[in-house]
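**Q** Following this message is one structure expressed as structure tokens.
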Amino acid sequence: MEKLLEILSGLHPDVDFSTTTDLVDDGILDSLDIVTLVTEIHAEFDVTIPAEEIVPENFNSADALMALIEKLDEE
Amino acid sequence: MLFTSYGFIAFLAVLFLAYYLVLRKWQWGLLLAASYFFYAFAGLDCLIFIFLTTASAYVIARLMDRGHRKEAEFLDQHRAEMEKEERKKYKATQKKKRFRILLLGLVLLFGVLAVLKYTGFALLNLNALLGAFGAEKAFSVPDLLLPMGISFYIFQTTGYLIDVYRAKTVAEKNPARLALFVSFFPQLVQGPISRHSDLAAQLYAPHDFDRRGFTSGIQRILWGYFKKLVIADRILVAMRVLVESAESYRGVYVLLLILLYSAQIYADFTGGMDITIGIAESLGIRLKENFKHPFSSKSTKEYWNRWHITMGSWFTDYVFYPLSVCRPMMKLSTFSRRVLGAKIGKRIPVYLATVVTWFLTGLWHGAGWNFIVWGLLNCLVILVSQELEPLYAKFRKSAPRLTSSWGYGKFMAVRTFLLMGLIRSLDCYRDVGLTFRQWGSMLTVWNVGDFSRGVMTLGLDLADWIILLVGCLVMAVVASITAKTDLRERLYDKPILSWVIFGTLLIAILLFGAYGVGYDASQFIYNQF
């Protein structure tokens with residue numbers, strides 16, 4: 001989780017990603033951020049997030065994103 | 001049949017009446033008949049294309065759906081006896097099979113669009129290239145039929161196929177129902193590009209007459225006609241002069257063209273959307289909003305989240321994301337990080353996908369270099385803004401009072417409005433070289449002194465300019481009110497005020513609509529894309 005929070009903070013240093021739960025709905029993360037995030041996750045976790053999983057529910061919070069990474073890693 | 005024709009008004013009146021009189025279970029069938037009747041006016045050839053699109057999408061979606069069901073059944077039956085790796089392999093094989101079916105569907109549908117829309121453009125460029133190498137012969141450029149709204153319904157249908165592939169929606173079992181989803185007439189001309197999961201169930205559900213919804217829909221239709229007929233079509237007259245005699249209208253007139261075209265396309269496109277969404281609302285169907293006060297945007301990125309939203313989200317979900325996260329792009333990401341370092345390397349795949357997406361967005365708008373350059377310039381502005389973001393953040397931090405002030409916000413909105421208007425003028429001149437020369441003339445030709453005389457040579461008299469100014473002012477005031485509150489909802493409980501406002505609107509359309517001598521109620525701008 002720490003690694004993920006580090007990646008997220010790299011995108012928007014002024015956002016507290018550990019508590020925010022509407023990252024996409026509130027427009028904090030836009031499509032460019034999301035794709036940058038996917039490539040960073042690929043580099044750090046060796047997990048590829050497929051396009052069909054790029055939905056607001058999976059990117060609205062660090063917890064949701066971590067759950068997605070774990071699910072994909074499990075699969 | 002134009003939305004702005006008397007025939008269409010009569011068609012709507014008959015449809016509304018029949019829709020609420022027939023048995024509720026026949027309503028969707030009636031909508032399908034009405035949609036095909038409406039589309040038949042565009043030509044019988046067009047009907048064939050939409051029918052074939054529907055038929056192919058039906059078969060492709062059903063095949064993919066069957067694949068999903070088979071996979072689920074197989075896994076249910078054999079889950080216990082299968083190892084994790086085995087399951088993974090089986091799923092991957094099934095996915096690959098479905099992907100091949102999807103690919104076939106996409107090639108078929110986009111192939112038709114590509115041949116009809118881009119053959120002429122491709123051959124013209126090929127001829128120019130061959131000519132540059134001294135070839136004497138050239139390919140003859142065919143004048144192919146471009147069915148009305150094909151860019152919109154092909155996108156909606158391919159979106160449906162991709163959603164079925166991704167199991168985000170279930171394939172329609174009844175081909176007639178799918179035919180209605182593809183051809184629903186209010187959105188056939190210029191969108192919005194709907195998702196199957198948002199629209200389909202609403203189309204097939206029975207709808208009781210709801211006075212509130214019906215009234216609200218009719219009011220929105222009226223507002224759309226006001227924007228289209230009183231503002232957009234009046235500006236069209238001046239735009240024709242400014243574009244057709246571009247060499248005579250340089251300098252300050254280019255700025256005038258930018259402002260006029262911004263008002264025209266906004267009134268035309270959002271007016272068309274008001275009519276479309278209003279018709280659907282009167283039928284008890286809610287379509288997605290396609291605009292959210294785009295001219296209040298403080299950045300290009302924000303502008304594109306507010307302008308033609310359904311097209312933007314189509315490109316994001318079905319082009320940008322899949323392209324950015326596909327395997328070759330992930331390999332490129334790893335490679336570029338290794339070679340260029342994490343800071344620069346991570347940008348390569350993202351920026352590459354952005355450029356491709358904007359190139360395609362430009363191409364979708366039309367087969368011409370002006371559209372491609374338009375797309376790429378939008379992309380350039382977005383990427384430069386992205387790169388400058390740390391600088392902006394520093395500025396915001398160092399001057400928090402200034403950057404959070406009302407004036408600074410307005411300055412950012414005006415800046416974005418002018419920048420988008422400037423790039424959008426590529427739509428008008430339809431020639432990249434001419435557009436750039438016209439832009440340059442704003443700095444080199446100083447003809448402000450001639451403006452008051454010249455502006456009266458654009459085909460509009462003083463009364464027209466006054467109507468335009470008042471019309472734009474009304475449009476701006478309504479936009480600023482509706483940004484904060486649902487105006488029609490608030491007016492519903494004030495019937496007298498409501499009648500006065502919408503009665504005045506109707507009278508304004510009848511009196512000031514640009515369909516008198518010398519004018520033609522014209523087709524919507526986005527219908528040509």
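**Q** Using a Cα-Cα cut-off of under 18 Å, which aspartates and glutamates could be cross-linked to B:Lys228, ignoring same-chain neighbours fewer than 8 residues away?
**A** B:Asp268, B:Asp274, B:Glu289, B:Asp464, B:Asp520
**Q** Another question, if that's okay. What is the dipole size for the range A:2-74, taken about its Cα centre, with +1 at each Lys and Arg Cβ and -1 at each Asp and Glu Cβ, in debye to the nearest 20?
**A** Values: 2 positive and 19 negative charges, 22 e Å.
That gives the range A:2-74 a dipole magnitude of about 100 debye.
**Q** Using unit Cβ charges (K, R positive; D, E negative) and no other charged atoms, how large, in debye to the nearest 20, is the dipole of the range B:1-102 about its Cα centre? Spell out each step's value before the answer.
**A** Values: 17 positive and 9 negative charges, 102 e Å.
Computed about the Cα centre, the dipole is about 480 debye.
**Q** Same structure, new question: Kindly provide the trypsin sites (Lys or Arg not before Pro) of the range B:1-94 that DSSP labels as loop, not H, G, I, E or B, and whose Cβ sees at most 14 other Cβ atoms within 10 Å. Numbers along the way, then the final one.
**A** Numbers: sites: B:Arg24, B:Lys25, B:Arg62, B:Arg66, B:Arg69, B:Lys70, B:Arg79, B:Lys84, B:Arg87, B:Lys88, B:Lys89, B:Lys91; in loops: B:Arg79.
Here the trypsin sites (Lys or Arg not before Pro) that fit, given the DSSP loop and packing criteria, are B:Arg79.
**Q** Report ³J(HN,Hα) in whole Hz for each residue of the range B:9-25, in order, from the Karplus equation J = 6.51 cos²θ - 1.76 cosθ + 1.60 where θ = phi - 60°; Gly and Pro get x.
**A** These are the phi-based 3J(HN,Hα) values: 5, 5, 4, 5, 4, 5, 4, 4, 4, 5, 4, 9, 9, 6, 4, 4, 6 Hz.
**Q** Along the charge dipole of the range B:196-244, Cβ charges K/R +1 and D/E -1, which of B:Gly213, B:Ile231, B:Ala201 sits furthest on the positive end?
**A** B:Ile231
**Q** Then there is this: Just counting partner chain Cβ atoms within 10 Å, what average do the residues of peptide B:320-329 show around their Cβ? Can you show the working numbers first?
**A** Values: counts 6, 11, 4, 2, 9, 13, 3, 1, 0, 5.
Per residue, the average neighbour count from other chains is 5.
**Q** Using a Cα-Cα cut-off of under 13 Å, which aspartates and glutamates could be cross-linked to B:Lys88, ignoring same-chain neighbours fewer than 8 residues away?
**A** Cross-link targets: A:Asp73, A:Glu74, A:Glu75, B:Glu71.
**Q** Can you tell me the Rg and Dmax of the range B:101-182, counting just the alpha carbons, in angstroms?
**A** 17.8, 56
**Q** Same structure again: Can you tell me, using C-alpha contacts under 8 Å and at least 6 residues apart, the relative contact order of chain B as a whole percent?
**A** Values: 592 pairs, mean separation 102.8, N = 529.
Taking the mean separation of contacting Cα pairs over the length of chain B, I get 19 percent.
**Q** Which loop-located chymotrypsin sites (Phe, Trp or Tyr not before Pro) does the range B:122-199 contain, where loop means any DSSP state but H, G, I, E or B and the Cβ has at most 15 other Cβ atoms within 10 Å? Before the final figure, lay out each step's value.
**A** Details: sites: B:Phe133, B:Phe139, B:Phe152, B:Tyr153, B:Phe155, B:Tyr160, B:Tyr165, B:Phe181, B:Phe184; in loops: B:Phe133, B:Phe139, B:Phe184.
Filter output for the range B:122-199: B:Phe133, B:Phe139.
**Q** Further question: Which one, B:Val448, B:Gln264, B:Thr53, projects farthest toward the positive side of the charge dipole computed for chain B from Cβ point charges (K/R +1, D/E -1)?
**A** B:Thr53
**Q** Still on this structure, I have one more. From largest to smallest, what semi-axes in whole angstrom does the range B:29-117 give when each is the square root of 5 times an eigenvalue of its alpha carbon gyration tensor? Could you put the intermediate results ahead of the total?
**A** Numbers: eigenvalues 303, 52, 7 Å².
Taking √(5λ) for each Cα gyration eigenvalue gives 39, 16, 6 Å.
**Q** Give a residue-ordered list of calculated ³J(HN,Hα) values for the range A:63-71 (Karplus: 6.51 cos²θ - 1.76 cosθ + 1.60, θ = phi - 60°; whole Hz; x for Gly, Pro).
**A** Listing the rounded values in order: 5, 4, 5, 5, 4, 5, 4, 5, 5 Hz.
**Q** While we're looking at this one, here's another question. Where does chain B land at 222 nm, in deg cm²/dmol rounded to the nearest 500, when only DSSP H runs of n ≥ 4 count, each adding -39500 (n - 2.57), divided by all residues? Write down the numbers at each step before the final one.
**A** Details: 24 runs with 382 residues, N = 529.
My calculation for chain B gives -24000 deg cm²/dmol from helical runs alone.
**Q** Roughly how big is the protein assembly as shown's charge dipole about its Cα centre, with Cβ charges of +1 (Lys, Arg) and -1 (Asp, Glu), in debye to the nearest 20?
**A** Working: 61 positive and 56 negative charges, 79 e Å.
My answer is approximately 380 debye.
**Q** Still on this structure, I have one more. Would you mind checking the pairs B:Lys227/B:Lys292; B:Lys117/B:Lys137; B:Lys292/B:Lys410; A:Lys3/B:Lys397; B:Lys298/B:Lys397; B:Lys292/B:Lys394 and listing those with alpha carbons more than 20 angstrom apart?
**A** On the way: B:Lys227/B:Lys292 16 Å; B:Lys117/B:Lys137 23 Å; B:Lys292/B:Lys410 17 Å; A:Lys3/B:Lys397 27 Å; B:Lys298/B:Lys397 18 Å; B:Lys292/B:Lys394 29 Å.
Exceeds cut-off: B:Lys117/B:Lys137; A:Lys3/B:Lys397; B:Lys292/B:Lys394.
**Q** Could you give the longest part of chain B that holds none of the GluC sites (Glu not before Pro) found in DSSP loops with at most 13 neighbouring Cβ atoms within 10 Å? Intermediate results must be reported in sequence, preceding the final value.
**A** Numbers: sites that count: B:Glu81, B:Glu83, B:Glu136, B:Glu289.
In chain B, the maximal stretch lacking such sites is B:290-529.
**Q** Stokes-Einstein at 20 °C, 1.002 mPa s, Kirkwood radius from Cα pairs: D for chain B in µm² s⁻¹?
**A** Stokes-Einstein gives a translational diffusion coefficient of 83 µm²/s.
**Q** Then there is this: Convert each backbone phi in the range B:107-124 into a coupling constant with the Karplus relation 6.51 cos²θ - 1.76 cosθ + 1.60 (shift: θ = phi - 60°), then list the ³J(HN,Hα) values in order as whole Hz, x for Gly and Pro.
**A** 5, 4, 6, 5, x, 4, 4, 5, 5, 5, 8, 10, 4, x, 4, 5, 5, 4
**Q** Normalised by the residues of the range A:2-74, what does the relative contact order come to in percent, with Cα pairs under 8 Å and at least six apart?
**A** It rounds to 36 percent for the range A:2-74.
**Q** Sticking with this one: Averaged over all directions, how much area does the convex hull of the C-alpha atoms of the protein assembly as shown cover when projected, in nm²? Working shown, then result.
**A** Working: hull surface 131.9 nm².
The directionally averaged projection comes out at 33.0 nm².
Here, each number is a calculation from the coordinates, and none is a lab measurement. Predicted model, so just to flag it, every value in this text is computed and none were measured. Backbone-built Cβ (ideal geometry, glycine too); neighbour counts: all protein chains shown.
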